[in-house]
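Before any comments, here is the structure.
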Amino acid sequence: SFGAYYRAVVPRIVEQATAVITDSENSKTDLVERLGLAPEKVTAIHLGVSPEFRKRIKKADLEATRLRLGLPPKFFLSVSSLDPRKNLGRLIRAYELLPAETRDEHHLVLVGAGNRIFSDPAISAELSRLPAGAVVTPGYIPEQDLPAVYRLSSALVFPSLYEGFGLPVLEAMAASTPVISSNRSSLPEVAGSAAAMIDPESTEEIAAAMELVAQDSGTRNLLIERGTKRASQFTWAKTAKQTPQVTRAAPTGPDKELPRPRQ
């Protein structure tokens, strides 16, 4: 399997590499602690955010996108896979904890998960306790629609248990969307003070942050203002400028053949 391949080969790759580039200081720490790399061998270079997320979108175009994708008028947004570390089960339980009037006004949209989410017995059980249609699972959506979907949402809720970086957080911020983020792994590094930070293992904290953003316009506007400023610090131009500096400085050596993954 690819998992076994990565566990067997990645340590060998990084051992013979003259330099390692990763996308966050948190990932750098993980590489140093788990693989025994020398800290000076690893450089963290942050990812950037596409300018597409910062562009203004006309209200008519937003509404057209909403109708085409079958999204509710107001909703909390999750952009993630079904990977357990994405913590969708707790997100759904947190949504269930919201006051009925908040749930009546704001649905929960799980982009990326799709109907495959019902194949997870635990998550399916959580969904069964909610009214039909309260949680919308459009699956993967076209990349060009993502900026509009972020802008349409009341907030991005990102309670991940682990991220190497966490690009959806910055995408939402660039799109002027409030962000509720986990306080784990790389996410504090990415979000700074521009998101409502929560313990991802506390459904109560997740729910409280969702309720606050839904009901308090002052908090919502503050998160939008801080978020747009924060996202502006992460550009692909900066990433592209820093990367060759590392590769040019790295000493070169003979290549060694590595095993191929089983198909």
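Things worth noting here:
- Residue match in segment 58-72 (condition: in contact with a strand residue (DSSP E or B) (Cβ under 9 Å, 6 or more places away or on another chain) and either in a helix (DSSP H, G or I) or under 26 Å from K241 (Cα atoms) (or both)): yes
- Positions within segment 2-30 being free of Cβ contacts under 8 Å to residues at least 60 places away in the same chain, in contact with a strand residue (DSSP E or B) (Cβ under 7 Å, 6 or more places away or on another chain) and open to solvent by 40 Å² or more (accessible area, probe 1.4 Å), in sequence order: K28
- Tally, over segment 148-186, of residues that are open to solvent by less than 30 Å² (accessible area, probe 1.4 Å), part of a loop (DSSP other than H, G, I, E, B) and of a type outside the set (S, T, Y): 7
- Verdict on R103 being among the basic types (K, R) and either within 24 Å of M197 (Cβ to Cβ) or modelled with pLDDT of 95 or more (or both): yes
- Of all the listed residues (D216, D145), the sole one being touching a residue at least 60 places away in the same chain (Cβ under 8 Å), acidic (D, E) and either surrounded by fewer than 19 Cβ atoms within 10 Å (Cβ to Cβ) or in contact with a Cys (Cβ under 6 Å, 6 or more places away or on another chain) (or both) is D145.
- Residues considered: A209, A250, A237, A174. Of these, the only one that is touching a helix residue (DSSP H, G or I) at 6+ places or on another chain (Cβ under 7 Å), hydrophobic (A, V, I, L, M, F, W, C) and in contact (Cβ under 8 Å) with a residue 24 or more places away in the chain is A174.
- Residue pairs meeting the criteria (Cβ under 7 Å; at least 6 apart or on separate chains; first more than 11 Å from V109 (Cβ to Cβ) and of a type in the set (D, E), in segment 151-166; second assigned to a loop (DSSP other than H, G, I, E, B) and open to solvent by 10 Å² or more (accessible area, probe 1.4 Å)): E163/S185
- Any hit, segment 101-114, residues being in contact with a Ser or Thr (Cβ under 7 Å, 6 or more places away or on another chain), assigned to a helix (DSSP H, G or I) and not β-branched (V, I, T): yes
- Of the set (1) closer than 27 Å to E171 by Cβ; (2) assigned to a helix (DSSP H, G or I), all apply to V14 but (1).
- Output for segment 31-46, where each listed residue is surrounded by 14 or more Cβ atoms within 10 Å (Cβ to Cβ) and not in a helix (DSSP H, G or I): L37, V42, T43, A44, I45, H46
- When residues in segment 124-142 are screened for being open to solvent by 30 Å² or more (accessible area, probe 1.4 Å) and either at positive phi or assigned to a helix (DSSP H, G or I) (or both), 4 of them pass.
- Restricting attention to segment 63-99, the residues being without any contact (Cβ under 8 Å) to a residue 12 or more places away in the chain and open to solvent by less than 50 Å² (accessible area, probe 1.4 Å) number 0.
- Residue, nearest to K58 (Cα to Cα), within segment 177-199, restricted to residues that are of a type outside the set (A, V, I, L, M) and touching a residue at least 60 places away in the same chain (Cβ under 8 Å): T177
The values are calculated or read from the model by the stated rules, or taken from the named source; none is laboratory data. Since this is a predicted model, take the numbers as computed values, not measurements. Cβ: placed from backbone, ideal geometry, glycine included. Neighbour counts: every protein chain shown. With ligands, DNA and RNA removed, areas are computed over all heavy atoms of the protein, side chains included. Shrake-Rupley method; radii C 1.70, N 1.55, O 1.52, S 1.80 Å.
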